[in-house]
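Q: This structure is in structure tokens; I'll ask about it shortly.
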Amino acid sequence: MDEQFRDTSSVRRTDVFALVGALAGATATTALIFTRLAPFNGVIGFVVVDYVLFLALYALLVSFDENGLAVRDRLAAVVVHSLALLVLSALVSVVTYTLWRARTTLPHLNLYTQDMSKAGPVDPVTVGGVLHAMAGTLIMIAIALAITVPLGIVCAVFLSEIPGPFSRFVRTIVEAMTALPSIVAGLFVYVTVVVLLGVGFSGIAAGLAISVMMLPIVIRSADVVLRLVPGTLKEASYALGAGQWRTVWHVTLPTARSGLTTAVILGTARGIGETSPVLLTAGLTPRMNLNPLEGPMVSLPLATLTFVKSPQPEMVARGFGAAAVLMILVLILFAIGRALGRKG
């Protein structure tokens, strides 16, 4: 008799019954334990016990129809999907909570067209805005990108194309820099640029501090992407008579274009949300300043921190409005970066 193989990608009715039954049984058992059998309380404890019982009941129900290998496979699939759902729920809750708290400020046009030079702590949300913080954020991140993108990609090319003791040393330093606290980077730029060189609080100093945080992220991500380029493409280029650097420029980098764009986006996401380096190097101002070489400048994360620390509800609402604007700005930059990365 021929063996009958089942398509593992399809979902049977028994699979749904096992999933729903395990969830219902685990929830009912956990409720019984917390309310009748044991002096337990707390939402987190309830969820943890419920999830553990759910996994046990689900494995038991699946074992009635499947063998041990299938039970382990289903259990692993449930755990992976549960973790993905947990991460997605955390992201949705953060975004939803921020937008909900910013609902009183986002509809007002002055949030995007005014600074805080003429607004006081007790003024309504119809006065003042975060235009100066938006401009400061864009200027600082532009300076940081101008520094980190060429340096990061060149360093990643060096690490992937010229292996050796020195490249291993550089890779070790880069990996160590990824764990560098942001406050240390801010203090380093503050001492060297603001104090010793006498530049003062400015956008250029903040951009340098942000670039210190972004550079290891860009290098590591770009290095991984470049090492994934098939070696056969490089060998074909060498066979046609091209040199190493011409091969890198015309074969390796275009092949890894999308991945390099992702590396830049990851670095930008790390740098655009920094607060402590900006506070130490850019200062704080309620006025618009478009000159990164002179005068204090503020960013959206720093403005958010300053606003939400105020006891006035109007300032707190402006803080959540600045956070919502920052999320929208990051989304726009991400979309632009992905569009540029897809171009041939």
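The values are calculated or read from the model by the stated rules, or taken from the named source; none is laboratory data. Keep in mind the model is a prediction, meaning the values are calculated, not measured. Neighbour counts run over all protein chains shown; Cβ positions are idealised from the backbone, glycine included.
Q: Which of the residues belonging to segment 73-110 are farther than 30 Å from Met315 by Cβ and among the basic types (Lys, Arg)?
A: Arg74
Q: Moving on to the next point. Determine which single condition Thr105 fails, assuming it passes every other condition in (1) part of a helix (DSSP H, G or I); (2) under 29 Å from the mean Cα position of the chain (by Cα).
A: It is condition (1) that Thr105 fails.
Q: What about Ala263, is it touching a residue at least 60 places away in the same chain (Cβ under 8 Å), assigned to a helix (DSSP H, G or I) and closer than 25 Å to Leu111 by Cβ?
A: The answer is no for Ala263.
Q: Here is a follow-up. Go through (1) loosely packed, with under 15 Cβ neighbours inside 10 Å; (2) under 28 Å from Leu208 (Cα atoms) and name the single condition Ala144 misses.
A: If we test Ala144 against (1) loosely packed, with under 15 Cβ neighbours inside 10 Å; (2) under 28 Å from Leu208 (Cα atoms), just (1) comes out false.
Q: Spot the failing condition for Ile217; the list is (1) more than 13 Å from Thr148 (Cα to Cα); (2) β-branched (Val, Ile, Thr); (3) within 23 Å of the chain's Cα centre (by Cα), and only one is missed.
A: So the condition that Ile217 fails would be (1).
Q: Here's a follow-up. May I ask you to verify whether Ile272 is at negative phi and out of contact with any helix residue (DSSP H, G or I) (no Cβ under 9 Å at 6 or more places or on another chain)?
A: Here the answer is no, as Ile272 does not meet what is asked.
Q: If you don't mind, there's one more thing I want to ask. Out of Pro230, Pro286, report the one residue that is in the same structural domain as Phe158 (by TED's automatic domain parsing) and more than 28 Å from Ala135 (Cα to Cα).
A: From the options Pro230, Pro286, the qualifying one is Pro230.
Yes/no per residue for (1) at pLDDT below 90; (2) over 27 Å from Arg270 (Cβ atoms):
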site	(1), (2)
Val122	yes, yes
Val125	yes, yes
Gly129	yes, no
Met140	no, no
Ile143	no, no
Ile147	no, no
Cys155	no, no
Phe158	no, no
Ile162	yes, no
